[in-house]
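Q: Below you will find the structure I want to go over with you.
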Amino acid sequence: MSSTPYASQRVLDIPPSGIRKFFDIAATMRDVISLGIGEPDFDTPEPIVQAGIEALKRGATHYTSNSGLVELRKALGAHLQQRYGVVYSPDSEILVTVGVSEALYVAMAAILDPGDAIIIADPCFVAYEPTARMVDAVPVIIPTTPETGFQVTAQAIEAAITPRTKALLLASPNNPTGTTIDRDELVRIAAVAAKHDLVVLSDEIYDRLVYGVEQVCFASLPGMRERTIVLQGFSKSYAMTGWRVGYLAAPAALAAEIRKLHQYLIMSAPTASQWAALKALEVGDPFVELMRAEYDRRRRLIVDGLNSLGLTCVEPRGAFYAFPSIACTGMDDNAFAEGLLQEEQVAVIPGSVFGAAGTGFVRMSYATAYEKIEMALERIARYIQRHCGI
Ligand SMILES: Cc1ncc(COP(=O)(O)O)c(C=O)c1O
């Protein structure tokens, strides 16, 4: 019997996010440098904000079509074609969602029956496994390791397939490791997906934030468009987390099923935010590039700094996270993070929050000012010296 009256077993089985705990502690402390956040420290670029304000002022305060503003869907179709060479119909194959968070849910709910399995590489974004459980699917977790740069391999995916496996969730770039999956591996993964008739959910929310590597849209690989649901959004690339706009692109028949869920669950994504997102597509590129270049500068600072402290770090090629091993300290990742917060007021997230394979690592976000990262590295050095004498 559950101790929470009226709650369903399904929700009781889902643990709360481990990230929140650290924010709650950090919020009670002074002078904290937070490397814990998973969102840009930049404000949304001014012309995008203005577009949102103007939309509200001219009365864009009503629902839009369920699929999203037609102007935005057209711009998204052009955007996907121009960047990745994939063609989607704005009328029937693109759906504007409340962030990638909603897109993940409606996509999983539309393809997975109770008991169907979805393969998810670990460590991963905290919502993947709970979202699968919310639709009574079975998340099959496959670990990745620093030895492969945390890249999930086609071989590991194939080894995890059972007769109940219906889908595969890919994330490139990945949160929390910053790993990108290279084209050769993606091509091998595509062959496995075709051989076993898998649907692929490709979370590409960090697609614009890559450093010196090619970003591949999974649907652009030969034969993959018909079995792929592409998930992308505005939160990270355009510093628009609070606007809550994302989108998905899928073959028309599947998109129609997903749209039904979105229609009953959400009606339509926030209208002013959709106008702002349209402006982001129209004028956002230079802003994205400025932010990306600054993340890259911070990335090099934090990765070099951590490696020189003995917290070895696979080079992140995307997103804005470093994921160092804390093995040299002999501490477990929860104790390390709690101690660092209490003693040196630096907030990081224990790697095990992102799955068992993250045990022994911590996630440090470099969506934080350069000078703050410098200060954080000094504090981390002091902390390590105090605990390990190195
Ligand atoms: C990999 C990944 N996917 C999806 C999301 C959800 O983003 P949003 O709902 O803001 O679009 C996040 C947010 O941290 C993420 O890291």
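Q: With every protein chain kept in place and ligands, DNA and RNA left out, what is the accessible area per residue of the chain? Probe 1.4 Å, answer in Å².
A: On a per-residue basis, the chain sits at 42 Å².
Q: Just to be sure I follow: if Rg is taken over the C-alpha atoms of the chain and Rh is the Kirkwood radius over the same atoms, what is Rg/Rh?
A: Reported Rg/Rh (Cα atoms, Kirkwood Rh): 0.96.
Q: Within the set Lys57/Lys279; Lys166/Lys195; Lys57/Lys236; Lys279/Lys372, which residue pairs have Cα atoms separated by over 21 Å? List each step's numbers first, then the result.
A: Details: Lys57/Lys279 16 Å; Lys166/Lys195 12 Å; Lys57/Lys236 26 Å; Lys279/Lys372 31 Å.
Where the Cα-Cα span goes over 21 Å, the pairs concerned are Lys57/Lys236; Lys279/Lys372.
Q: Compute the acute angle (0 to 90°) between the alpha-carbon long axis of helix 271-283 and the principal axis of greatest extent of the alpha-carbon atoms of the chain; round to the nearest 10°.
A: 80
Q: Pull up all non-local amide H partners of Val140: gap of 5 or more, or a different chain, and H-to-H distance under 5 Å with H placed in the peptide plane.
A: Those qualifying (amide H under 5 Å, at least 5 residues apart or on another chain) are Ile118, Ile119, Ile120.
Q: Any chance you could look up the accessible area of Asp136 with a 1.4 Å probe, heavy atoms only, rounded to 10 Å²?
A: Spelled out: Asp136, probe radius 1.4 Å, area about 60 Å².
Q: Once phi is turned into ³J(HN,Hα) by the Karplus curve 6.51 cos²θ - 1.76 cosθ + 1.60 with θ = phi - 60°, what whole-Hz value does each residue of segment 198-203 show in order, with x for glycine and proline?
A: These are the phi-based 3J(HN,Hα) values: 8, 8, 10, 9, 10, 7 Hz.
Q: Report D for segment 61-282 in µm² per second (integer): Stokes-Einstein, Kirkwood Rh on Cα pairs, 20 °C, 1.002 mPa s.
A: This corresponds to a translational diffusion coefficient of 124 µm²/s.
Q: Sticking with this one: Quick check: the angle from helix 18-27's long axis to the longest principal axis of the chain, C-alpha only, nearest 10 degrees?
A: That works out to roughly 60 degrees.
Q: In addition: What does the accessible area of Arg208 come to, in Å² to the nearest 10, when a probe of 1.4 Å is used?
A: Around 30 Å² of this residue is reachable by solvent.
Q: Treating the angle as unsigned and between 0 and 90°, give the value, to the nearest 10°, between the Cα long axis of helix 333-344 and the longest Cα principal axis of the chain.
A: Its long axis makes an angle of about 70 degrees.
Q: Long-range amide H contacts for Ser34: which residues qualify at under 5 Å (H placed 1.01 Å from N, peptide plane, sequence gap of 5 or more or a different chain)?
A: Ala347
Q: Now for a separate question. On the full set of protein chains, 1.4 Å probe, figure out the accessible area of Trp243 and give it in Å² to the nearest 10.
A: About 50 Å², ignoring ligands and nucleic acids.
Q: Can you sort Glu46, Glu185 by solvent-accessible area, 1.4 Å probe, largest first?
A: Glu46, Glu185
Q: Non-local amide H neighbours of Thr97 (under 5 Å, H modeled in plane, Pro and chain starts lacking H): which ones?
A: Distant-sequence amide H within range of Thr97: Gly246, Tyr247, Leu248.
Q: Taking all protein chains in place and a 1.4 Å probe, what share, in percent, of the accessible surface of segment 37-192 do carbon and sulfur account for?
A: Working: 3450 of 6420 Å².
Carbon-and-sulfur percentage of accessible area, whole number: 54.
Q: Let me ask something else about it. For Cα pairs less than 8 Å apart in space and 6+ apart in sequence, what is the mean separation divided by the residue count of the chain, i.e. the relative contact order in percent?
A: Numbers: 757 pairs, mean separation 94.1, N = 390.
Averaging sequence separation for qualifying contacts and normalising by length gives 24 percent for the chain.
Q: A further question follows. Defining a contact as two alpha carbons under 8 Å apart and six or more residues distant in sequence, what relative contact order in percent does segment 61-282 show?
A: Working: 424 pairs, mean separation 64.0, N = 222.
Over segment 61-282, the number comes to 29 percent.
Q: From the square roots a ≥ b ≥ c of the eigenvalues of the alpha-carbon gyration tensor of segment 323-390, which class results: rounded (a/c under 1.5), prolate (a/b over b/c), or oblate? Could you put the intermediate results ahead of the total?
A: Values: a/c = 1.89, a/b = 1.16, b/c = 1.63.
Taking the square roots of the gyration eigenvalues as a ≥ b ≥ c, segment 323-390 is oblate.
The values are calculated or read from the model by the stated rules, or taken from the named source; none is laboratory data. Bear in mind the structure is a predicted one, so any value in this text is a computation, not a measurement. Just the protein is used for accessible areas: all its heavy atoms, side chains included, with ligands, DNA and RNA removed. Shrake-Rupley method; radii C 1.70, N 1.55, O 1.52, S 1.80 Å.
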